[in-house]
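Read the structure below first, then the notes.
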Amino acid sequence: MTHLRTGLAALVTTAAAAGACATVWVLAPLVGGGAGSAAVLSTVVALSLGRREFTGRAEFARSALLLPVIGVGAAGVGWLLASAPVVGAAVFVAGMSVPVWLRRFGPRAARLGALAALPLTAMLVVPVAPAADVPVWASALLALLGGVVAVLWVGLAREVLVLVRAAPAQRGSDARRAAAPPAGSQPGNSPRPRKRLPASTRMALQLASALSTAFVVGWLVFPAHSMWVVLTAYIVNAGNRGRGDVLHKSVLRVVGALGGSIVAVGLALAVPSAGGFAAVVVIFAALFVGTGLRAYSYAYWALTVTLVLTLLQDLFGVSPLLQGGLTGEAGMLAERMAAIVVGALLGVAAAWFVLPVRSTDVLRRRLSELLVALTAALAADAETQGDAATASSATASPPPPDRATRIADFHTALARVEELAPAHRARRLLGTRGRVQPIHCIDAAVALGGALDARLRAPRRPRDPESRARLRDAIGQARRSLGAPADLERICSSLLAVAVALGPTTPTTPAAAPVG
């Protein structure tokens, strides 16, 4: 059933992107501008916005009002990239890195920054300058139209997903997420460390340095493929979850890019005379498959992005496939792969050597948020347990709104911990040598989800004071274990002890006592 919902969501999201692209393509002549860059902008915005999660219709409406305006600004950046590359690059770097810095000001600022990155990515792909016979106001109006069309199609897609019950799970409350420890802070009850820059600031500087270097290296070394250097440097640093995550994502990016380039060349060889319509069909079919498979591995999405961008460049004549025959294409493929590898290396170098953020520090912070959310969920459950004990009816009633919200907050925090698993799971493949690794702590945190769900499903009855005290002590031990310096063995055993104490019928002696 989960695979079916994922596939259905991918289908509806891709259909919305295709609808936005087709709508802009039809309406563009009425405005008096070229449809190319506006159609790409609308497609990228629709696809990215369709995959984002919102707390409700009100939050989506706020984003929908902002995106078209941001799209006009992004179109201006695209014009600068084509007509004044140095100025355009500087504005692009600022537009991508400042939103990362804004994360320190809370969830709303973080969401605003994430919205700004969507149209800028599209303009990096097809930075088409306005034609000489097209007024500037017409180009701006077309960019605004592209953003409006995209949000309208995504809004329709979201309502369809709600009707068929395939919408993505809603995030927890903003207030509780904002109350979590800020990025770069030390969780637990450890002594106060020396003052350092917040993680959001460090990651913004990392991204700015990676993009700036990528532009310079791309222009000097890969003038025909500079976009691939910059785009790869951005992709491996976007959503930075620590230097290990950046390294893992860069490897998947290179592998996926190689696969996507080979598929693109294979398609060009198999159907060399295919027209623009056939290329568009292949693009959206690939987006559907890639969107559905992205949940299983980022490599699939990297393959899809490379294939789609290659076909787009061919469609707009930026870098036509087979322009020099098979030999010429082989050389172009080799140069493009070299550009992608260099972009990945620049991204990794920035994450590792420019104010690095350790992956274990990110894990400790998210585990701290998880334990805070667990404590809140248990407190809400304890309140309803008292109400249930005095109720005369034995019929189970739905959880009160506050209790349901706090439980949802816990599962949101747990999902954020699980997001870190792929990189640490890959690290485990290199050999653990009998030592506790971060992935073991993540597995122990996942056990908390099952234990809490089992506790909530158990028949409602007052918990004995001794079991509540054991659970409270276990959570306290787990929170203290997250202090610096990181002791993964202690963290892992403490989380397992919490999972045991969460049992619906807690044994007199815990099966796994916390260490320390």
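The values are calculated or read from the model by the stated rules, or taken from the named source; none is laboratory data. Everything quoted here is computed from the prediction, not taken from an experiment. Heads up, the Cβs are rebuilt from the backbone with ideal geometry, glycines too, and the neighbour counts pull from every protein chain shown.
If you take the residues of the range 252-309 that are exposed (fewer than 15 other Cβ atoms within 10 Å of the Cβ) and under 16 Å from the mean Cα position of the chain (by Cα), which of them is modelled with the lowest pLDDT?
Ala295
I want to confirm something. Restricting to the range 422-445 and keeping residues that are more than 15 Å from Ser359 (Cβ to Cβ) and not in a helix (DSSP H, G or I), which single residue is modelled with the lowest pLDDT?
Taking the candidates together, the pick is Thr432.
Answer yes or no as to whether Ala180 is under 30 Å from Asp402 (Cβ atoms), surrounded by fewer than 20 Cβ atoms within 10 Å (Cβ to Cβ) and at pLDDT below 90.
Numbers: under 30 Å from Asp402 (Cβ atoms): yes; surrounded by fewer than 20 Cβ atoms within 10 Å (Cβ to Cβ): no; at pLDDT below 90: yes.
Taking the combined requirement at face value, the residue does not satisfy it.
Can we say Leu152 is at pLDDT 70 or above and out of contact with any helix residue (DSSP H, G or I) (no Cβ under 7 Å at 6 or more places or on another chain)? Explain how you work it out, then say what you get.
Details: at pLDDT 70 or above: yes; out of contact with any helix residue (DSSP H, G or I) (no Cβ under 7 Å at 6 or more places or on another chain): yes.
Yes, satisfied.
Which ones in the range 75-103 are of a type in the set (Phe, Trp, Tyr) and surrounded by fewer than 22 Cβ atoms within 10 Å (Cβ to Cβ)?
Within the range 75-103, Trp79, Trp101 qualify.
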